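Below you'll find the structure I mean.
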Amino acid sequence: MTQTVEERRAAMALARQRREVELVEREALAPGVARFVFALRDGAPLHAAPGQYVNLHLGPKGTLSRSYSLSAAGGPEGDRFELGVTRVEGGEGSTALHDLELGARIALDGPWGVFTRDRADAAAPRLYVATGTGLTPIRAMLERDLAQPEGPPITLLFGCRHAEDRLWPDEWEARAAAQRRFRYEVTLSRAGDDWDGRRGYVQRHLADVLARFDEAPHAFVCGLRRMIDAVRAELKETHGFDRKRIHTERYD
Ligand SMILES: Cc1cc2nc3c(=O)[nH]c(=O)nc-3n(C[C@H](O)[C@H](O)[C@H](O)COP(=O)(O)OP(=O)(O)OC[C@H]3O[C@@H](n4cnc5c(N)ncnc54)[C@H](O)[C@@H]3O)c2cc1C
């Protein structure tokens with residue numbers, strides 16, 4: 001969707017405003033990770049691009065501002081949006097969010113961010129790499145990518161510790177079964193003996209996953225700094241990626 005200068009200015013002005021949102025749904029996604037659905041009380045849409053994030057003002061008097069990527073929607077059509085958030089041990093912001101009661105109202109600003117797949121040529125193949133809740137903005141991007149029946153090859157390489165930590169696994173498996181251009185690859189860093197899939201950190205599997213692309217993809221990488229640094233180094237040094245083909249969103 002192309003915006004005029006006036007539309008962009010209006011969207012920026014709305015993003016800077018603090019808007020009231022209400023927690024309307026919450027469910028467990030994995031141990032320590034929950035899906036949150038918020039509704040904007042003013043009824044106006046968020047107008048977010050897939051991959052963007054919002055800042056939530058949490059804690060007493062909203063003094064803890066924390067960023068969370070949208071895992072779905074937030075587009076021009078809806079006044080609701082979804083997040084997927086890890087409860088960090090000892091973390092004030094994520095604990096305050098997980099402890100919110102249904103119906104609680106808090107403030108938000110945004111959407112913000114340039115981790116959007118519009119930064120790549122729409123026809124370019126894409127490799128998405130995520131660990132943990134780094135998958136949330138990628139889910140929003142994939143929702144839009146895979147809404148089109150035809151398009152470039154796309155692979156999602158996802159890493160987590162245990163099988164039960166996988167986020168939305170049924171959804172990815174169903175999408176991979178329905179669309180041949182989409183591959184879903186999971187690796188577990190602390191797999192049990194009963195796991196017969198990939199093991200170890202995501203960076204260990206890049207060579208194998210990249211070998212299946214006919215043309216070098218754009219890489220979109222999201223999660224904690226240590227993983228992002230390792231993946232970026234591997235893509236550049238071992239696979240000769242230009243930095244313009246590597247797009248990252250760091251959570252810490
Ligand atoms: C642009 C952006 C988007 C983000 N989107 C998400 C999101 O969609 N979902 C989400 O869960 N978090 C997301 N985060 C992280 C989030 O903003 C907070 O940093 C996180 O909730 C921890 O805040 P805290 O106050 O609980 O802990 P703090 O005391 O502020 O942080 C403690 C430590 O927690 C670690 N940490 C931060 N995020 C995570 C995580 N997701 N999983 C494990 N450890 C983590 C970091 O190492 C950090 O140093 C995002 C961060 C940024 C900058």
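Springs between alpha-carbon pairs under 10 angstrom, Gaussian network model over the chain: which of A177, A49, A140 fluctuates most?
Maximum among the listed residues: A177.
Using a 10 Å cut-off on Cβ atoms, rank the peptides 227-235, 118-126 from the highest mean neighbour count down.
Packing proxy ranking, top to bottom: 227-235, 118-126.
While we're here: Using only the alpha carbons of the chain, determine the length spanned along each of the three principal axes and report them from longest to shortest in whole angstroms.
Between the extreme Cα coordinates on each principal axis of the chain lie 49, 46, 33 Å.
Right, next: Could you calculate, for region 47-166, the ratio of the Cα radius of gyration to the Kirkwood radius, expressed as Rg to Rh?
Using Cα coordinates only, the ratio equals 1.00.
Angle, helix 169-178 long axis vs. longest principal axis of the chain, Cα atoms, 0 to 90°, nearest 10?
So the inclination is approximately 60 degrees.
For region 5-112, what are the per-bin percents of Cα-Cα distances with bins 10 Å wide, up to the bin holding the maximum?
Result, from short to long distances: 15, 51, 28, 6, 0 percent.
Using only Cα atoms and rounding to the nearest 10 degrees, what angle (0 to 90) does helix 135-145 make with the longest principal axis of the chain?
80
Among DSSP beta bridges lying fully in region 63-188, give the percent that are antiparallel, nearest 5.
20
Any idea what the dipole of region 144-220 comes to, in debye rounded to 20, about its Cα centre with Lys/Arg Cβ at +1 and Asp/Glu Cβ at -1?
Rounded to the nearest 20 debye, it is 200 debye.
Between helix 5-16 and the chain, what is the angle of the helix's C-alpha long axis to the longest principal axis, kept within 0 to 90° and rounded to the nearest 10?
For 5-16 against the chain, the angle is about 70 degrees.
Give me the distance between the Cα centres of region 94-168 and region 48-79, rounded to whole Å.
When both Cα centres are located, 13 Å separates them.
Continuing with this model, one more query. So in the chain, what percent of DSSP beta bridges are antiparallel if you round to the nearest 5?
55
Moving to a separate point now. Using only alpha carbons, build the gyration tensor for region 117-250 and give me the equivalent ellipsoid semi-axes, biggest first, whole Å.
Sorted largest first and rounded, they come to 21, 19, 13 Å.
Another one. Which GluC sites (Glu not before Pro) in region 1-47 pass both tests, a DSSP loop state and at most 16 other beta-carbon atoms within 10 Å?
Loop-located and lightly packed - none at all.
Along the charge dipole of the chain, pointing to its positive end and built from +1/-1 on Cβ of Lys, Arg, Asp and Glu, which listed residue (H98, T116, F182) has its Cα farthest out?
T116
Which order do the peptides 9-18, 178-187 take when ranked by the mean count of other beta-carbon atoms within 10 Å per residue, highest first?
Ranked from most to least packed, the peptides come out as 178-187, 9-18.
Since every read-out is calculated from the coordinates, none of them should be taken as a lab result. From a predicted model like this one, the values you see are computed outputs, not experimental measurements. Positions of Cβ are backbone-derived with ideal geometry, glycine not excepted, and every protein chain shown enters the neighbour counts.
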